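S.K.: Have a look at the structure that comes next, please.
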């Protein structure tokens with residue numbers, strides 16, 4: 001196993017993980033900021049108020065983005081298998 005192969009696979013793994021996690025984390029961040037702003041404006045200091053909207057939005061984002069995420073994971077897996085077969089030659 002060459003170091004170029006390990007670096008290539010590590011790079012592709014991190015990029016794929018970032019692509020998959022960015023919409024989920026971005027939506028959770030946006031909802032958290034909006035709920036925090038709502039709490040600051042209305043002076044409602046309920047700790048559990050942020051959890052329900054975040055869970056709902058993250059669940060919806062995952063449901064909406066799952067075909068794209070699966071396509072990304074499948075193409076990543078095929079790339080890994082292709083690289084393994086090229087390494088064996």
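S.K.: Going residue by residue through segment 55-64, is there one that turns out to be touching a residue at least 40 places away in the same chain (Cβ under 8 Å) and within 21 Å of the chain's Cα centre (by Cα)?
M.R.: no
S.K.: Still on this structure, I have one more. Examine segment 45-54 for a residue that is under 30 Å from residue 87 (Cα atoms), in a helix (DSSP H, G or I) and without any contact (Cβ under 8 Å) to a residue 40 or more places away in the chain, and state whether such a residue exists.
M.R.: The answer is no; no qualifying residue exists.
S.K.: Suppose we keep only residues that are over 17 Å from the mean Cα position of the chain (by Cα) and surrounded by 11 or more Cβ atoms within 10 Å (Cβ to Cβ) within segment 1-32. Which one would you say is modelled with the lowest pLDDT?
M.R.: That would be 5.
S.K.: In segment 54-89, which residues are modelled with pLDDT under 90 and either surrounded by 10 or more Cβ atoms within 10 Å (Cβ to Cβ) or on the phi > 0 side of the Ramachandran plot (or both)?
M.R.: Once the filter is applied, which keeps residues that are modelled with pLDDT under 90 and either surrounded by 10 or more Cβ atoms within 10 Å (Cβ to Cβ) or on the phi > 0 side of the Ramachandran plot (or both), segment 54-89 yields 83, 84, 87.
S.K.: Go through segment 65-89 and give me each residue that's within 14 Å of the chain's Cα centre (by Cα) and in contact (Cβ under 8 Å) with a residue 24 or more places away in the chain.
M.R.: 65, 69, 72, 73, listed by residue number.
S.K.: Conditions first: (1) closer than 30 Å to residue 33 by Cα; (2) in contact with a helix residue (DSSP H, G or I) (Cβ under 8 Å, 6 or more places away or on another chain). Residue 59 passes all but one, so which condition is the exception?
M.R.: Single failed check for residue 59: (2).
S.K.: Here are some conditions: (1) more than 24 Å from residue 9 (Cα to Cα); (2) surrounded by 14 or more Cβ atoms within 10 Å (Cβ to Cβ); (3) touching a residue at least 12 places away in the same chain (Cβ under 8 Å). Residue 36 meets all but one. Which one does it not meet?
M.R.: Residue 36 satisfies every listed condition except (2).
The values are calculated or read from the model by the stated rules, or taken from the named source; none is laboratory data. These numbers were taken from a predicted model, which means no experiment stands behind them. As a convention, Cβ positions derive from the backbone with ideal geometry for all residues, glycine included, and neighbour counts pool all protein chains shown.
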